[in-house]
Amino acid sequence: MKKRIIIPLAVIMAHFLVITGIIAGGFTRDESVSLDKDAQASDRFTGILERDITLRVLENDTALRQGYFEELLNAFNAEYEQYGIRAVDANMDQYLDLENDGPFGFGPDVLYQANDRIMRYALGRHVQPLPIEQLDCYPHIEQKAWDAYKMTVSGQDYYLAAPVNIQGPFLFYRKSLLPSPDIIESWNALYKFSQERREEGKFGYMKSLIDVYYSIGFLFSYGGYMYGDNNTNMEDIGLARNGAERGAGVLRQLASVMDERCIDFTITQISYSQFANGNFFATMTTPDVYTLFVDELMAVGFTREEAVAEIGIADVPKLPKSGDLSEENPELMPSRMMGGVNGYAISSYTKYPNAALAFVNFATSYDMVMLRNEILGIIPARKDAAENLGELAQTINNHLVEGNIVVMPSLMGQVWTPAETFFTDLANDPFRRDGDRKFTTLESKRLALERLSGQIYDAIHTLK
């Protein structure tokens, strides 16, 4: 496996600079902050590896559980044994609080997380800007993926992590239950099939519609947005703009072919087992949970080979421009869904920046990314890896470039609760009695989205 010692990063940063925008990190704010640690040089990457040290690395729970992280550590440690560098599991919760733990020496040296979590650390300067052009993966990753970690400081762009995989939803379905290929090509066809399955006592498409991460994409598809100016303007909450209420209408229609489990997280919790026993035909989720479907199919008697052959994975179906799933022969358009980029960052508090950078370089190599796909089913951010994996991997990369995957902003903390409340109310509507239904017109949905946008605005600006 290829090994390089990274050459120095030419970065000259004053002790006090103004952060003017965090692109795709999700907010614009003018704040004077120090980007250097106490008495610490801004350029920490000397190219000289620290010797006889131990790196603590934080990975996600799925990588630990499925064995990928052990494979990564073993391969890296074998490669860098000659330098006395050893990487170990940081043995911390995957949702660590680096802001509070890092300064006291309790954080990891390297951490793997989604872009929204990593970019929260930007203003507090808890993660180190990286010399991305010196990483082997740099020319193989689209700029849009790098932009998920871009921080603009006084007109200069810096990058706080190296992308590994693109998170975007797919439709997972049972191949043996698919009557014809067109069922999974549009939401209209899947909606009709779900109605037919429901009449037979089973279900077609099933999803917890209160899951904001997935449901908010239906608003984006019809012109809604989280924040204005490419997710940098928190004065402009756009969830009710440009006809987004049609997306809310689609969700309400989908709820009508489910049951009341879509009003909470029950479907998410049981989707793998219900998928395996055939009660659910399809659901939408991200590819990193692929192995959970395999495990549940094996639990009901499939061999691993049979399970892999039975799981269908397709692009998110297209939507009708009208927003009406019952329309015959609709004019279709691509769905736009919330997504993100997962990658490796280096803690500003590490004592071993050069060894940490060597680990990031190793972990983002072609071989390790392909192994990560093999074990975990992730979609690589590396174009060369995606091309070798085929159409679906390339599709997700293309969706990111074309804007059909909307990278999650970092400032989502004030969004989840009010948005979940709205989607719960919306999904509950088909199960109310006729006189009690709230969302029977587009206008009623638009007004509810305006209230939601106002609640988010108030929450953000009250906390400023």
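Read-outs throughout are calculated quantities, based only on the coordinates presented, and are distinct from any laboratory measurement. Computed from a prediction, not measured in an experiment: that's the story for all the values here. Cβ placement follows ideal geometry from the backbone for every residue including glycine, while neighbour counts extend to all protein chains displayed.
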TODO: For every other residue with a beta carbon closer than 13 angstrom to the beta carbon of ILE405, add +1 if it is Lys or Arg and -1 if Asp or Glu, then tell me the sum.
DONE: -2
Task: Electrostatic dipole magnitude of the chain [Cβ: Lys, Arg +1; Asp, Glu -1; Cα centre; debye, to 20] - done: 360
TODO: Please work out the FRET efficiency for the pair LYS438 and ASP458, using the Cβ-Cβ distance as r and a Förster radius of 30 Å; give the result to the nearest 0.05.
DONE: 0.90
- [ ] Have a look at VAL415, ASN388, GLY454 and report the one farthest towards the positive end of the charge dipole of the chain, computed about the Cα centre with Cβ charges (Lys/Arg +1, Asp/Glu -1).
- [x] GLY454
Task: Dipole axis of the chain (+1 Lys, Arg; -1 Asp, Glu on Cβ), positive-most option in ALA145, MET119, LEU178 - done: MET119
Open item on the list: Compute the distance from the alpha-carbon center of the stretch 120-193 to that of the stretch 232-309, in whole Å.
Closed with: 19
Task: Signed unit charges on C-beta, dipole axis of the chain, positive-most listed residue ALA314, ALA356, ASN398 - done: ASN398
Task: Computed FRET value (nearest 0.05) for ASP295 with ASN74, which takes r as the C-beta separation and R₀ as 30 Å - done: 0.80
- [ ] Using only C-alpha positions, report the orientation-averaged shadow area of the convex hull of the stretch 305-419, nm², one decimal.
- [x] 11.7
Task: Normalised contact order of the chain, rounded percent, pairs of Cα under 8 Å and 6 or more residues apart - done: 24
- [ ] Using R₀ = 25 Å, calculate the FRET efficiency as 1/(1 + (r/R₀)^6) where r is the Cβ-Cβ separation of GLU387 and LEU64; round to 0.05.
- [x] 0.30
Task: Low-density loop cleavage sites - trypsin sites (Lys or Arg not before Pro) in the stretch 294-340, where at most 16 other Cβ are within 10 Å (DSSP) - done: LYS321
Open item on the list: Using a 7 Å offset from the Cα along the Cα-to-Cβ direction at both ARG198 and LYS351, what is the distance between the two label points in nm, to one decimal?
Closed with: 6.1
TODO: Anything over 28 Å Cα to Cα? Flag those among LYS192/LYS438; LYS192/LYS383; LYS150/LYS445; LYS175/LYS207; LYS207/LYS383; LYS144/LYS321, in the order listed.
DONE: LYS192/LYS383; LYS150/LYS445; LYS207/LYS383
